[in-house]
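Step one of this worksheet: look at the structure below.
The values are calculated or read from the model by the stated rules, or taken from the named source; none is laboratory data. Being a predicted model, the structure only gives us computed values, none of them experimental. Positions of Cβ are backbone-derived with ideal geometry, glycine not excepted, and every protein chain shown enters the neighbour counts. Surface areas here come from the heavy atoms of the whole protein model, side chains and all, with no ligands, DNA or RNA. Shrake-Rupley method; radii C 1.70, N 1.55, O 1.52, S 1.80 Å.
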Amino acid sequence: MTTTAVRTRGEATAERVPGAWGLGLHRGVLETRQFFRQRDQVVFTFAFPVVFLFLFASIFHDDVRGSGVTASQLYVPAMMASGIMSTSFQSLGISIAVERDEKVLRRLRGTPMPPAAYFLGKIWLVLFTGIVETAILLFVGTAFYGVDLPSDGGRWFDFAWIFVLGLTGCSLLGIAISSVPKSAKSASSVVVLPFLILQFISGVYISIDTIPGWMLNIGALFPLKWLGQGPRGLVLPASGGVVEGAGRW
């Protein structure tokens, strides 16, 4: 076989090797399959924000400052934001740290798969679970708490880019914080604490108009506050904007 023939065959083989995007998609399918094989994880992941929505909506259900919006309705987009950050920031922060401690990342480093494909696979999983969880909360909000879905395409478009941008920001933060835990045992504690704090200072558990200004300023540096405020302005009437710091959505 001539040198030219060998080179031609090598080039053809290289062309058939998928790039980072293609490998990332395949990795995302694998990550999704592994996620749904763990039934207890699936149940608790999707049930967590729904249960919290039920609890808060049962305790706080009065009209908020004469806005025509009930507290239970405010908690629907708040739990949507919390659910999105839970499936991205918390999930990635813990899972990547665990896989690093279990030497999964070291084994993957010895394969031809580029590191970008690994993280793209995680992002695909986060995108899928985030969409499912948001759909569940929208259904619960419309069926039980009187939340009206947007009726025009423009508002759905706004909802989509807020969702994608917020999910991206939370995912990048999750990847970043995954380097902090020293072991798999400490990963949950390290990641859950800042997530819990952000939920309190970003208007998830407490109405935004009762949070001190300096806390709001800190919360505004992170995606969770905007993930809550954006959907509030899309699924709730304009009269409810009085609870925001600027008096409007």
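Tell me which residues, restricted to the stretch 218-240, are outside any helix (DSSP H, G or I), aliphatic (A, V, I, L, M) and open to solvent by 20 Å² or more (accessible area, probe 1.4 Å).
Just the residues of the stretch 218-240 that are outside any helix (DSSP H, G or I), to begin with: 220-222, 236-237.
Among the residues that remain, those that are also aliphatic (A, V, I, L, M) are: 220-221, 236.
Of everything in the stretch 218-240, those that are outside any helix (DSSP H, G or I), aliphatic (A, V, I, L, M) and open to solvent by 20 Å² or more (accessible area, probe 1.4 Å) turn out to be A220, L221.
Each residue in the stretch 109-149 was checked for being surrounded by fewer than 17 Cβ atoms within 10 Å (Cβ to Cβ), more than 22 Å from M79 (Cβ to Cβ) and not polar (S, T, N, Q), and 6 of them qualify. Counting the residues of the stretch 47-81 that are within 23 Å of I94 (Cα to Cα) and surrounded by fewer than 18 Cβ atoms within 10 Å (Cβ to Cβ) gives 4.
Condition first: in contact with a Phe, Trp or Tyr (Cβ under 8 Å, 6 or more places away or on another chain) and either open to solvent by 40 Å² or more (accessible area, probe 1.4 Å) or closer than 17 Å to A187 by Cβ (or both). Now tell me which residues in the stretch 94-108 satisfy that. Across the stretch 94-108, the qualifying residue is only L105. Filtered by the rule that a residue be open to solvent by 40 Å² or more (accessible area, probe 1.4 Å), aliphatic (A, V, I, L, M) and assigned to a helix (DSSP H, G or I), the stretch 176-217 gives A176, V190, V192, L193, L196, I197, M215.
Each row is one residue, and each column tells you yes or no for (1) small (G, A, S); (2) at pLDDT below 90; (3) not in a helix (DSSP H, G or I).
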{"residue": "P49", "(1), (2), (3)": "no, no, no"}
{"residue": "F54", "(1), (2), (3)": "no, no, no"}
{"residue": "R65", "(1), (2), (3)": "no, yes, yes"}
{"residue": "S88", "(1), (2), (3)": "yes, no, no"}
{"residue": "L92", "(1), (2), (3)": "no, no, no"}
{"residue": "R106", "(1), (2), (3)": "no, yes, no"}
{"residue": "T111", "(1), (2), (3)": "no, yes, yes"}
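Restricting the first member to the stretch 176-190 and to residues that are within 15 Å of E102 (Cβ to Cβ), and the second to residues that are not in a helix (DSSP H, G or I), the beta-carbon pairs closer than 9 Å and six or more apart or on different chains are A184/E102; S186/V180; A187/S178; A187/V180; A187/P181; S188/P181.
With the structure loaded, tell me whether W161 is surrounded by fewer than 13 Cβ atoms within 10 Å (Cβ to Cβ) and in a helix (DSSP H, G or I) or whether it fails that test. Break it down stepwise before answering.
Details: surrounded by fewer than 13 Cβ atoms within 10 Å (Cβ to Cβ): yes; in a helix (DSSP H, G or I): yes.
Answer is yes for this residue.
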